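Quick notes on the structure that follows.
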Ligand code: SRM
Ligand code: SRM
Ligand code: SRM
Ligand code: SRM
Ligand code: SF4
Ligand code: SF4
Ligand code: SF4
Ligand code: SF4
Ligand code: SF4
Ligand code: SF4
Ligand code: SF4
Ligand code: SF4
């Protein structure tokens, strides 16, 4: 086996150490065909030269779909012919990244036959990434995937594959069913996911509570984060138990509360819920004693993205609180309106967050017919440059 | 007397009420000549019509000076001929706005003879404002002022009249001698004050401590604010006395400390001075017990201004701490360098704060030969758009 | 003439402050140890030498006649050995070395209509500007509106019953000569009608490229009008900053039907407790209603009282709102949150709420 | 062909998640009551029905072969009834209903080289990107650098001895596919040499107006080179964002001598305690030094340990620095504060220190 592997003294260094080694993985994959071996060779050369050896991607894909495949070509095709094409396919993961071994084995079987045998489980948007195949294998791979009911994910200026935290499946704090919403939106927007027609990419991410375990507030054009609007549920006995077992409630819990709305007299924990900002800290520290309230839903925020080109954004509040219940009409209506305005007036390669900042949040709200509320801003404007829209004229 | 006054039912309403009435003042001034009466008439008309009646200012002044006079003409000269010219003169106030009655009476005498008899004590930059005279009286007024040693202040694109809090004259917290520095800088920069040669205006304001009683951090291109770098002086007996007399040290003092660096055990007040941000709060509340440290000086900040046109700025730190001692060479050297760069490269009507933001604080520091220190920023950059200045080339 | 110029003194600067300091200050300069507020408007500073300096602070409307200055001089001669001062907010301060003179001075001040106050947790004079009294740019009057507001808030000047200091400022146009941008409450004159171009004078009075360049939103464009070079304004791009008017008299924005004031709150300058903060928009627009601007005075009184009744001791307006959050402030004040409150200038995105830290 | 297309399924979407949930989850879906961390890498969730679900979290390098997936499947079949999941940070989670299976599973995982950990106050896997393994834009490798850093910080994955969670992320270029901008520690690949224009291909491969428009600093200008239309780069205006390269392959920035990484710190995503924060620049540049990037691993270890030794319990990196202030951080870390640390992009002014709140 090792015989067909190139000489890679640099990469071999990365087989050492206690963290799982991707070099070992590539070497394992090399058993299934020559692509991984060539990848190893080219990567060794990159390590020696401190530069990548991939050409700028070309447009490749499967019929009827505008995205989901990232074209990739080696710039050393003579030397590494087996990776002269080395495209990746983005496969829409099941919500919450739960699998049966059966399903995964089927994917492995397909990829053994059709590709390099290498994957990313998962890509940072959330897809299953099948790493490296040739143009002629794209369509057959897709045919095989159809057989096991896995569909292609997003790429290019389309809706990207939505993702979510495990939510109600494995977490006591989920304020709405993240996986159900993710599945529903994914199915509802199949066309937008597969056929790029937006000014630029658009991402949904759903987290069940403000801990935001899918980093939605930093990485999604629409971030749907669970929260509640009534009172934190407190089990005073359990609080005392934490205290008895050595938790310093004053310094570990209360002094870390950002809204300073808690008091502890050694016996009872008092929370002034009208000031609580639902940060989760107290609940995180005492999961047996505290739980989110019962009137649950989500805060919907918009616009986050990486820095290119206006600088990075965090999502900002659009709906302070809404109930999240099928068929999710409120969300879909809003999304449809947002996309209409953005598709109509957005510039090429302008994310929706950038678009909103360019046209002004107030104007954007007008366009999508949502009333401004103070929860949308950290504070009102500081500069006096108001575009008053009307003026009186003399008769 | 009242006979020569116009009929002003609107303005007369403003003679009522307990706050001193400027209408009464204008009426008093009308005794000395017809200007104030016409002002009253025109103002009444403005009140009726809800619009001002002044033309855009013209350039007038005294010989040899480029600033200090604001030209002003009525747009109703037929109706109010006595204010067809109504220029103001800005007179450089003495540091700290202290006067002898003798000096003030002399000013009054001059203004009785030469102008409307109306003043602002003071303008919001700090000058004595002599409100309203004609072009032909400007030069004679200045001649009279020479006789009593009062000089003209700034206007236009020049150094504006510096101002300061009363500092050591009447305040226990002054960390440097604000009045001495103000006087010295004013005398040193007479040419810059009187002959506009900058891209735009430039203001100095000096406050003796972080309470900033001349609002320098919001209103001066260079803000010189007293502070200390050693430890707050604590008189524990006096602290206990405050407590005994009913001050709740925990809630009134400690819980308001922004750096959370104080403790009070009912007997001793402990301050971790290495975390104290010199906000003054504890000292403000207990002036008998606490005093600024002994190693005193100032923080120098640059760039604040009103919103036109980039939005309002607050000054930001240039020197975290320097000693303020005559002949103030460090300050003057820095000012000279700053002005050189700004005059060379600043655009017309670009305040120095706007200039710094346009060229980048780092580049500005390079130009004035000051090393960057972390105290200059609230936090390092968040965006990855770094202008690395050099790169290696292959041999 | 050349000779005359030679003799003529220039650049001699202001008189040295030392000659204006009363003896007690000269002797104790830099030696003050602490101070105490004795009653509203009166404080004493105690020196390391044990000397005591009493300050009586009297209100001033700032726009004062030479007659009034002379009256102040009379009082200073009578009670203060011929010295007195003004403050950075335009009040008058009498500096006494004899405690017995305090009450007679206050009585004399009352006679000439000048109440004392403004020290400690009080409202002090309103920093303000020229308005219709002297400026071509004003969207409202300054002195008159200040008078109305202070008449209305008078009790808060003469008593010290507020949680902390409350600083009000007024500027009659966006140039903000009152530097109102960091005030607990700012009253700001605003224009709301785009400049109306006087094509007949523009060519003579203004340089067209300068005018075009002056507009931050590129709303001003060169145009030919009646065969003559001039400019036109894209009205929907105008944000009423008046920068074009500042560089070109032929583009006035003043307009009786559309001028008025906006109210901004929560700014501060001092470093005490919270760092300095800008004021934020509370009420986008109130029409001018001279001579007493009742809508403005009511709005401001409501803001002051809302704060006074709800803030903790020492909490400035902005610190209080920071603690409770703006949504609560809007609910409590009854002010309607509108599109205008949402920033849409350069740093707008940074003012959006970028977390789920919300209260319900 | 048309017919074939008809039969071909499209837009059927991902499989429904329900079929992938183990029975214990289906039964207790939405009923979880609380959880406890039993030991590093192992936690239990307790349901209102009293059911207990044990989670064993194993490290993954994310770039895994189908062989490894099959090994995971074998273990899941053996211990978890054929179910398992991946996390949002690419670790593998085995979901057990039988507590007894925990230790055997862990032992089997160890055999295939997958340690357990990352739960609680630990460092978990590094979110990262493609690097030299698959992307044309990379200024550094991703998988390799991640391996080096995690090897070095291994103890913090397998133990829970940190004050709070610490999230590291890596992106190999400014596109930031790892969305590293809100991480406790971010490793960001940076180019530092302006694009080199390949004039011979540019005209064919790129639309010149698009390329010119793509540059946020207007550093790219149309030019005629050897008689052909092309573009030129004003090098001093270039800030290495690579936006021009993204739209035009003929403008590569990759350069072995000048590419490397920068280190950013203090960001966070969760709303716990402090609102989400962006990461800030700590170390402007470290050259690539494969295969083990020792300068990077040392720098990161120093940062982690500085924080671990000084932060209070629950204080994330950024919360700790907020408390002590950046000047103290620079002093304690020994990192030199340089011009590069000072923002000079759009909101630069807002990052300046606009108060006298300083410590000495
Ligand atoms: C595969 C993946 C990285 C990974 O290793 O996981 C990836 C890879 C690429 N991204 Fe990305 N992005 C990936 C997640 C992200 C994320 C993270 C996220 O989605 O949570 C971001 C930041 C969040 C965001 O959307 O802003 C991200 C922000 C970008 C950007 C900058 C976009 C912006 O608006 O700032 C580009 C540049 C572009 O779009 O031209 C970009 C472009 C690219 C391209 C297509 C390169 C290019 O310029 O054409 C990369 C292809 C690499 C390759 O050869 O495979 N990629 N990209 C991730 C997708 C996997 C998946 O589908 O699961
Ligand atoms: C008299 C005074 C207001 C007052 O009633 O006190 C004043 C009056 C004028 N200011 Fe001012 N400014 C006055 C203090 C200020 C201040 C406050 C300060 O200095 O602390 C500011 C804000 C701080 C600052 O400098 O940014 C100020 C910011 C402006 C601006 C905006 C400048 C900017 O960079 O944003 C302008 C517009 C301009 O310069 O073209 C301006 C322009 C003007 C002009 C000259 C109008 C013009 O556009 O030509 C006004 C003349 C009014 C008149 O007819 O008398 N004035 N001006 C103040 C000067 C009195 C004195 O010398 O003591
Ligand atoms: C006389 C004056 C300085 C001068 O040279 O003219 C002055 C004098 C004093 N100031 Fe001031 N301040 C003066 C304007 C200011 C300003 C500037 C302004 O308002 O435009 C500020 C910044 C205001 C702001 O933050 O917006 C100012 C913020 C302070 C503070 C901080 C208050 C706070 O909690 O934020 C103190 C400390 C205190 O009062 O506890 C203070 C304290 C003091 C003390 C106690 C200092 C002392 O020991 O002598 C003086 C009497 C206080 C009082 O009035 O309650 N002084 N003080 C100014 C009086 C103006 C007036 O007529 O009302
Ligand atoms: C499995 C996973 C969700 C998923 O669907 O995949 C998950 C699961 C849990 N998270 Fe998370 N979080 C997961 C990614 C995240 C992320 C996203 C990220 O890192 O990219 C965040 C935001 C990180 C940030 O702020 O930068 C995140 C911020 C939290 C927090 C807030 C921590 C804080 O103090 O800021 C908690 C609460 C806590 O741990 O006390 C939390 C708590 C939890 C709990 C305890 C929830 C529960 O009761 O089940 C879970 C185990 C905690 C643990 O790992 O210590 N989880 N958690 C993700 C595991 C990733 C991994 O393999 O390590
Ligand atoms: S975001 Fe909240 S609900 Fe979702 S896994 Fe994390 S802690 Fe649980
Ligand atoms: S959730 Fe956060 S804000 Fe609310 S009480 Fe708990 S710690 Fe305080
Ligand atoms: S700024 Fe400080 S030193 Fe000056 S008067 Fe105010 S409190 Fe006193
Ligand atoms: S001066 Fe301010 S920061 Fe320093 S100890 Fe006193 S209250 Fe705290
Ligand atoms: S604020 Fe405007 S209107 Fe008022 S004095 Fe200043 S420039 Fe004139
Ligand atoms: S007022 Fe301001 S925005 Fe309007 S046209 Fe004039 S310069 Fe432009
Ligand atoms: S971060 Fe840059 S180099 Fe890395 S995968 Fe994304 S686009 Fe490619
Ligand atoms: S890398 Fe960015 S800044 Fe440099 S030329 Fe290209 S687009 Fe312009």
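Observations
- Odd one out for residue C:230, checked against (1) in a helix (DSSP H, G or I); (2) touching a helix residue (DSSP H, G or I) at 6+ places or on another chain (Cβ under 9 Å); (3) over 22 Å from residue A:386 (Cα atoms): (1)
- Given (1) within 8 Å of chain A (Cβ to nearest Cβ); (2) exposed (fewer than 15 other Cβ atoms within 10 Å of the Cβ), index of the condition residue D:59 fails: (2)
- From the list B:107, B:91, the lone residue that is within 9 Å of another protein chain (Cβ to nearest Cβ) and in contact with a strand residue (DSSP E or B) (Cβ under 6 Å, 6 or more places away or on another chain) is B:91.
- Residues that are farther than 24 Å from residue C:177 by Cβ, more than 7 Å from chain C (Cβ to nearest Cβ) and more than 17 Å from the chain's Cα centre (by Cα), drawn from segment B:177-221: B:188
- Condition met for residue D:210 (within 16 Å of ligand 1 (Cβ to nearest atom) and modelled with pLDDT under 95): yes
- Filtering segment B:118-143 to residues that are without any contact (Cβ under 8 Å) to a residue 24 or more places away in the chain and either within 16 Å of ligand 4 (Cβ to nearest atom) or touching a helix residue (DSSP H, G or I) at 6+ places or on another chain (Cβ under 6 Å) (or both) leaves only B:137.
- Candidate set: segment C:185-212, residues that are over 19 Å from residue C:257 (Cα atoms) and loosely packed, with under 15 Cβ neighbours inside 10 Å; chosen: the one farthest from ligand 3 (Cβ to nearest atom): C:200
- Scanning segment C:5-22 finds no residues that are within 16 Å of ligand 8 (Cβ to nearest atom), over 27 Å from the mean Cα position of the chain (by Cα) and at negative phi.
- Qualifying residue in segment D:279-294 (condition: in a strand (DSSP E or B) and under 23 Å from residue C:351 (Cα atoms)): yes
- Count of residues meeting criterion [more than 19 Å from residue A:75 (Cβ to Cβ) and free of Cβ contacts under 8 Å to residues at least 60 places away in the same chain] in segment A:31-54: 0
- Each residue in segment B:75-110 was checked for being in contact with a helix residue (DSSP H, G or I) (Cβ under 6 Å, 6 or more places away or on another chain) and over 20 Å from residue C:135 (Cβ atoms), and 11 of them qualify.
- Entry remark, segment A:321-350: residues being crowded, with 19+ Cβ neighbours inside 10 Å and at the interface with another protein chain (Cβ under 9 Å from one of its Cβ atoms) number 1 in total.
- Subset of segment D:127-170 (residues that are more than 12 Å from residue D:187 (Cα to Cα) and within 16 Å of ligand 5 (Cβ to nearest atom)): D:164, D:165
- Criterion: more than 16 Å from ligand 9 (Cβ to nearest atom) and either more than 22 Å from the chain's Cα centre (by Cα) or crowded, with 19+ Cβ neighbours inside 10 Å (or both) - qualifying residue of B:308, B:283: B:283
- Looking only at segment C:241-253, residues that are buried (at least 24 other Cβ atoms within 10 Å of the Cβ) and either within 16 Å of ligand 12 (Cβ to nearest atom) or assigned to a loop (DSSP other than H, G, I, E, B) (or both) come to 3 in all.
- Segment A:351-393: number of residues that are surrounded by fewer than 19 Cβ atoms within 10 Å (Cβ to Cβ), in a loop (DSSP other than H, G, I, E, B) and more than 7 Å from chain C (Cβ to nearest Cβ): 6
The values are calculated or read from the model by the stated rules, or taken from the named source; none is laboratory data. Treat the numbers as computed from the prediction; the structure is a model and nothing was measured. All Cβ positions, glycine included, derive from the backbone under ideal geometry; neighbour counts span all protein chains shown.
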